[in-house]
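Reading through the structure tokens given below for one structure.
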Amino acid sequence: MEKYSSISTVILLFIITTSFIGVLSLENGLGRTPPMGWNSWNRFGCQIDEDLIKGTADALVSFGFADAGYKYLNLDDCWEGERNQEGFITYDKNTFPNGIKALADYVHSKGLLVGIYSDAGFLTCARRAGSLGYEEKDAQTFASWGIDYLKYDNCNNDGSPEKQRYTMRDALNATGRPIFYSICEWGTSRPYLWGSKVGNSWRTTGDIRAEWMSVTSILKRQQRITHYAGPGGWNDPDMLQVGNGHFSIDEQKSHFSLWAALKAPLLLGFDIRTPPEDTIKLVLNPEIIAINQDPLGKSVAIAQSSRFFDIWTGPLIDGHVALLFNRAEKPLTITLDFSYHCQLEGEIHVRDLWERADIGNFTKGPKTWDSSLETDGWHSSGNT
Ligand code: GLA
């Protein structure tokens with residue numbers, strides 16, 4: 001029973017606005033749940049080539065990532081060559097000698113999807129050819145190569161507002177090929193306000209680094225915008241750094257749990273051809289992935305934020321999830337009040353998603369939890 005369900009005041013407010021009349025909205029049917037896959041940037045930067053991408057496609061399948069849902073294999077910046085005389089984009093012939101079409105065919109033959117990168121500016125961030133002014137040509141080229149996902153960056157542009165400059169949406173729609181459209185303007189012009197009309201996801205901050213401080217500072221900036229995420233359009237706090245840098249396992253668990261529960265895209269960024277055993281186990285946890293891929297598509301919201309810990313909670317299609325995030329550098333006791341933090345009453349069945357074990361049934365909060373880890377994810381369901 002929901003706490004406030006007996007109070008039923010309904011106010012119907014009709015607001016008629018003309019601001020979107022005549023403008024296509026994004027109706028590509030994609031991203032009903034957040035995208036999952038791998039992207040080259042966090043680990044490899046500009047050092048990408050055909051062998052790396054093929055090897056990564058093989059690894060996505062052989063280590064079980066693809067079966068767990070990681071289907072997109074996304075090239076980031078630095079695949080681009082020059083534009084040809086007709087103005088069409090070409091690929092870097094030194095690093096991709098057989099071209100992107102052949103590579104996409106290989107990736108597809110593994111049962112995966114393939115993503116590419118471009119920029120709503122004259123040059124990409126790595127100063128390769130950008131798409132500004134070439135949107136139709138580039139969208140056609142990407143579609144003809146069999147591309148399924150486009151990350152669209154914001155470097156070296158003409159200074160015009162992002163909301164107008166991200167017209168790649170219309171060019172992609174015009175190709176007739178469903179292409180997931182990932183807006184990457186770093187949260188510059190509050191993309192959560194217009195992003196769902198334009199793209200399937202929008203970056204909410206600048207680039208993530210493989211450092212704990214970077215993860216926590218990005219996290220903090222998600223607090224006020226969680227309600228903008230939903231099926232078809234997701235907040236993107238940037239790609240995962242699990243498996244990179246020098247994170248402890250607890251830090252990786254925290255990063256992964258939080259991104260999953262925020263309904264962020266789950267794009268791995270470590271070298272999955274030689275994956276560390278404990279990181280594989282972590283990102284393949286089916287119960288954490290299920291939180292991210294829950295069909296209701298609602299992000300957790302901050303329910304309490306204090307000096308040493310945060311509590312994030314949110315609804316699932318068949319229950320609720322609560323995340324007790326210990327930010328202190330020592331074990332803590334955190335109190336979860338089912339009524340106050342989750343708006344749940346009655347008997348509540350609780351499961352620990354990392355231990356993958358049922359904890360028991362509880363009637364009413366508050367209940368305290370000892371956290372020896374830096375984070376624990378709790379999933380309650382069956383509340384009656
Ligand atoms: C920007 C983006 C990154 C990455 C690089 C590539 O910094 O935010 O995610 O795509 O460009 O040059």
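The values are calculated or read from the model by the stated rules, or taken from the named source; none is laboratory data. Keep in mind it's a predicted model, so treat the numbers as computed, not measured. Note that we place each Cβ from the backbone using ideal geometry, even for glycine, and neighbour counts take in every protein chain shown. Ligands, DNA and RNA are excluded from the accessible area calculation, which covers all protein heavy atoms including side chains. Shrake-Rupley method; radii C 1.70, N 1.55, O 1.52, S 1.80 Å.
Within the range 252-265, not a single residue is assigned to a loop (DSSP other than H, G, I, E, B), within 15 Å of the ligand (Cβ to nearest atom) and over 21 Å from Ile183 (Cβ atoms).
Residues that are open to solvent by less than 20 Å² (accessible area, probe 1.4 Å) number at least 3 in the following strands (runs of 3 or more DSSP E) confined to the range 71-185: 113-119, 149-153, 180-183.
Report whether or not Asp310 is over 28 Å from Gly69 (Cα atoms), crowded, with 18+ Cβ neighbours inside 10 Å and under 22 Å from the mean Cα position of the chain (by Cα). Explain how you work it out, then say what you get.
Working: over 28 Å from Gly69 (Cα atoms): yes; crowded, with 18+ Cβ neighbours inside 10 Å: yes; under 22 Å from the mean Cα position of the chain (by Cα): yes.
Yes; evaluated as a whole, the condition is true for this residue.
When the range 275-297 is limited to residues that are modelled with pLDDT of 95 or more and assigned to a loop (DSSP other than H, G, I, E, B), the one that is surrounded by the fewest Cβ atoms within 10 Å (Cβ to Cβ) turns out to be Pro295.
Summed over the range 188-219, residues that are surrounded by fewer than 23 Cβ atoms within 10 Å (Cβ to Cβ), under 21 Å from Leu268 (Cα atoms) and out of contact with any Pro (no Cβ under 8 Å at 6 or more places or on another chain) total 10.
Tell me the residue from Pro237, Pro231 that is under 15 Å from the mean Cα position of the chain (by Cα) and away from the ligand (no atom under 16 Å from the Cβ), please. Break it down into steps so the answer makes sense when it comes.
On the way: Pro237 fails: away from the ligand (no atom under 16 Å from the Cβ).
Within the list Pro237, Pro231, the selection yields Pro231.
For the condition under 24 Å from the mean Cα position of the chain (by Cα), under 13 Å from Trp79 (Cα atoms) and away from the ligand (no atom under 15 Å from the Cβ), Phe180 does not qualify.
Restricting attention to the range 112-148, the residues that are within 13 Å of the ligand (Cβ to nearest atom) and aromatic (Phe, Trp, Tyr) add up to 1. Looking across the range 349-376, the residues that are part of a strand (DSSP E or B), more than 19 Å from Val283 (Cα to Cα) and at pLDDT below 90 come down to Ile359, Gly360, Asn361, Phe362, Thr363, Lys367, Thr368, Trp369, Asp370, Ser371. For the range 149-162, the candidate set comprises residues that are under 22 Å from Pro178 (Cα atoms) and among the hydroxyl-bearing types (Ser, Thr, Tyr); within that set, the residue that is farthest from the ligand (Cβ to nearest atom) is Tyr149. Of all residues in the range 193-211, exactly one satisfies the criterion of being more than 16 Å from Ile225 (Cα to Cα), within 15 Å of the ligand (Cβ to nearest atom) and in contact with a strand residue (DSSP E or B) (Cβ under 7 Å, 6 or more places away or on another chain), namely Gly199. Scanning the range 320-331 for residues that are in contact with a Leu (Cβ under 9 Å, 6 or more places away or on another chain) and either charged (D, E, K, R) or buried (at least 16 other Cβ atoms within 10 Å of the Cβ) (or both) turns up His320, Val321, Ala322, Leu323, Leu324, Phe325, Asn326. Right, Arg190: without any contact (Cβ under 8 Å) to a residue 24 or more places away in the chain and away from the ligand (no atom under 14 Å from the Cβ) or not? Answer is yes for this residue. For beta carbons closer than 6 Å, sequence separation of 6+ or different chains, a first residue in the range 299-321 that is among the charged types (D, E, K, R) and a second that is assigned to a strand (DSSP E or B), the qualifying pairs are Asp310/Phe325; Asp318/Ser381.
Just the residues that are closer than 22 Å to Lys151 by Cβ and aromatic (Phe, Trp, Tyr), please, taken from the range 227-277. If you could, list the steps in order and put the result at the bottom.
The initial filter retains those residues of the range 227-277 that are closer than 22 Å to Lys151 by Cβ, namely 228-245, 255-256, 258-260, 262-273.
Tyr228, Trp234, Phe256, Trp259, Phe270, listed by residue number.
Per-residue answers, yes or no, for (1) farther than 30 Å from Lys298 by Cα; (2) at pLDDT 95 or above; (3) out of contact with any Asp or Glu (no Cβ under 8 Å at 6 or more places or on another chain):
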position: Met36; (1), (2), (3): no, yes, yes
position: Asn39; (1), (2), (3): no, yes, no
position: Arg43; (1), (2), (3): no, yes, no
position: Ile48; (1), (2), (3): yes, yes, no
position: Asp51; (1), (2), (3): yes, yes, yes
position: Leu75; (1), (2), (3): no, yes, yes
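Evaluated against (1) modelled with pLDDT of 95 or more; (2) outside any strand (DSSP E or B), Gln304 falls short on exactly one condition, (2). Within the range 34-51, can you find the residues that are within 14 Å of the ligand (Cβ to nearest atom) and either of a type outside the set (A, V, I, L, M, F, W, C) or open to solvent by 60 Å² or more (accessible area, probe 1.4 Å) (or both)? Passing the criteria: Asn39, Ser40, Trp41, Asn42, Arg43, Gly45, Gln47.
The requirement of being in contact with a Phe, Trp or Tyr (Cβ under 6 Å, 6 or more places away or on another chain) and acidic (Asp, Glu) is satisfied by Asp310.
May I ask you to verify whether Gly55 is on the phi > 0 side of the Ramachandran plot, out of contact with any strand residue (DSSP E or B) (no Cβ under 6 Å at 6 or more places or on another chain), open to solvent by less than 50 Å² (accessible area, probe 1.4 Å) and not β-branched (Val, Ile, Thr)? Don't jump to the end; show me each part of the working.
Numbers: on the phi > 0 side of the Ramachandran plot: no; out of contact with any strand residue (DSSP E or B) (no Cβ under 6 Å at 6 or more places or on another chain): yes; open to solvent by less than 50 Å² (accessible area, probe 1.4 Å): yes; not β-branched (Val, Ile, Thr): yes.
No, not satisfied.
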